[in-house]
Amino acid sequence: MNVQCNGGGVGVTERIPCKTEGCSATILPTTAAKTGGTCMPCHQEQERQKRQAYIEQHRRTVNLYEGLTDPVDILKVMHAPRKYDPLIQYVPYPLSREQVYVSLTAEEAGRMLKYALELLARAMRAKPTISYCR
């Protein structure tokens with residue numbers, strides 16, 4: 001048992017050793033009650049390991065390109081924003097964006113341009129215009 005003065009000499013705080021093997025930290029009884037007897041760094045590491053194990057056990061692989069053959073559709077998927085989810089692992093497309101763009105025919109490039117202009121028009125309608133008064 002480790003006994004320390006609280007700085008003012010008025011009381012004594014009893015500290016107990018962390019239960020994690022190899023850890024030399026001592027903790028307050030209130031911390032031990034919250035963490036099951038481990039110091040906060042050890043407790044946080046145990047929680048991180050539990051979370052990582054859960055993710056690895058429940059992670060699924062998603063191929064957004066499965067069944068797609070049209071380069072324009074493939075590029076649309078490549079450019080679409082994805083929200084990060086640790087439980088989803090996306091299969092990358094075997095070619096880079098640049099390689100897909102280089103492989104476009106003139107007709108496909110025109111379709112891609114039309115799609116890009118539609119996205120810009122949609123974005124412009126969604127954002128309010130700023131007017132400056134003089």
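The residues listed here are 68, 28; of these, the one that is of a type outside the set (Val, Ile, Thr), surrounded by 13 or more Cβ atoms within 10 Å (Cβ to Cβ) and closer than 24 Å to residue 114 by Cα is 68. When the stretch 71-94 is limited to residues that are under 28 Å from residue 107 (Cα atoms), modelled with pLDDT of 95 or more and charged (D, E, K, R), the one that is surrounded by the most Cβ atoms within 10 Å (Cβ to Cβ) turns out to be 76. Condition check: surrounded by 10 or more Cβ atoms within 10 Å (Cβ to Cβ) and in a loop (DSSP other than H, G, I, E, B). Does residue 54 satisfy that? In short, no. What pairs come out if I take residues in the stretch 103-121 that are within 18 Å of residue 69 (Cβ to Cβ) and pair them with residues that are surrounded by 13 or more Cβ atoms within 10 Å (Cβ to Cβ) and among the charged types (D, E, K, R) whose C-beta lies under 9 Å away, six or more apart or interchain? Pairs that qualify, where the first residue is within 18 Å of residue 69 (Cβ to Cβ) and the partner is surrounded by 13 or more Cβ atoms within 10 Å (Cβ to Cβ) and among the charged types (D, E, K, R), are 104/111; 112/76; 115/76.
Among 121, 80, 53, which is the only one that is in the same structural domain as residue 25 (by TED's automatic domain parsing) and out of contact with any strand residue (DSSP E or B) (no Cβ under 9 Å at 6 or more places or on another chain)?
53 is the lone residue from the list that is in the same structural domain as residue 25 (by TED's automatic domain parsing) and out of contact with any strand residue (DSSP E or B) (no Cβ under 9 Å at 6 or more places or on another chain).
For the stretch 12-51, the candidate set comprises residues that are part of a helix (DSSP H, G or I) and polar (S, T, N, Q); within that set, the residue that is nearest to the chain's Cα centre (by Cα) is 49.
How many residues, within the stretch 88-121, are part of a helix (DSSP H, G or I) and in contact with a Pro (Cβ under 6 Å, 6 or more places away or on another chain)?
Matching residues across the stretch 88-121 total 2.
The values are calculated or read from the model by the stated rules, or taken from the named source; none is laboratory data. Remember, it's a predicted structure, so these values are computed and weren't measured experimentally. All Cβ positions, even for glycine, are placed from backbone atoms using ideal geometry, and neighbour counts span all protein chains on display.
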